Amino acid sequence: MDHAAVLALYDREMREGARPETSDARVERTGGVVRHIGGEGGWSGVLWSDLDSADADAAIAEHVAHFTRLGHEFEWKLYGHDRPADLGQRLTAAGFTADPQETLMIGETADQLGDAEPPEGVRIVPVTDRAGIELMVEANEKAFGHDGSWLRDLLHARLGAEPDVFVALLAMAGDVPVSSARMELIPGTSFAGLWGGGTVEAWRGRGVYRALIAHRARIAAERGYRYLQVDASDQSRPILQRLGFAALSTTTPYVYAK
């Protein structure tokens, strides 16, 4: 993989050329910034920017005012290679709060198609109905230790409206959910985004996470996506590196909630 070329392609397709995630969302470009205005329950924020020291502060102020008028909490998603180099400091000075940094990792879909099966007694099933949504929320809450109401809202909004571009999966041990994962497929791009992947602590280290990646990779390959993209936590990064994913940048959500 040519890391520089793939990162440039990611920026061009997934950030600068971003498409609305739902039919009631929209993407707008103003100056050197691309912003996403989420629909009901959707994400709102800045996806991409091309700024310099002379115009960065004005652009930040403009977007704070814009989202405040809309009544939206919003996020400025800052990547490690974005300019200017001190953009994170400028966002903090403007009232944003940084969430934990993650690593942008990208792998070739074809490299993840091996026979990675879940451990004995565990099966992977699609989430397609309300019962499945509740099981997925349960798995997420047990894996990450926080309220999963946001995930419930997301699943209800996305599964019914966009089943072809939004995939939700559960790993079940009998009737007990032990892990869950999502995938977003953006038409017209080369990238399938892998999200979630949280496994209940007692089931970690048994191959459930790997099996969910392989399962999603097979779906992505069938639909023509060349690359898999993950915003990886410190916990998942070493696993992904062992699987052949490359760390191409970092990403830090800066949240404005006033």
TODO: Find the strands (runs of 3 or more DSSP E) located wholly in region 7-80 whose residues include 2 or more that are touching a residue at least 12 places away in the same chain (Cβ under 8 Å) and over 21 Å from G188 (Cβ atoms), and list them.
DONE: 45-49, 74-79
Open item on the list: I need the strands (runs of 3 or more DSSP E) fully contained in region 142-258, keeping only those with at least 1 residues that are free of Cβ contacts under 8 Å to residues at least 60 places away in the same chain and within 30 Å of H72 (Cβ to Cβ).
Closed with: 166-173, 176-185, 191-199
Task: Number of positions in region 214-224 that are out of contact with any helix residue (DSSP H, G or I) (no Cβ under 6 Å at 6 or more places or on another chain) and crowded, with 19+ Cβ neighbours inside 10 Å - done: 2
- [ ] Looking only at region 148-190, count how many residues are modelled with pLDDT of 95 or more, surrounded by fewer than 17 Cβ atoms within 10 Å (Cβ to Cβ) and of a type in the set (D, E, K, R).
- [x] 1
Open item on the list: Take the residues in region 45-62 that are surrounded by fewer than 18 Cβ atoms within 10 Å (Cβ to Cβ) and not acidic (D, E); name whichever of them is farthest from the chain's Cα centre (by Cα).
Closed with: A54
Open item on the list: I'm trying to understand the selection: among the residues of region 109-146, which are over 29 Å from G244 (Cβ atoms) and in contact with a strand residue (DSSP E or B) (Cβ under 6 Å, 6 or more places away or on another chain)?
Closed with: L135, E138
TODO: Mind listing whichever residues of region 196-216 are at pLDDT 95 or above and under 22 Å from A18 (Cα atoms)?
DONE: R216
TODO: Mind listing whichever residues of region 10-43 are among the hydroxyl-bearing types (S, T, Y) and crowded, with 17+ Cβ neighbours inside 10 Å?
DONE: Y10, T22
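The values are calculated or read from the model by the stated rules, or taken from the named source; none is laboratory data. If you're wondering where the values come from, they're calculated on a predicted model, not measured in any experiment. Positions of Cβ are backbone-derived with ideal geometry, glycine not excepted, and every protein chain shown enters the neighbour counts.
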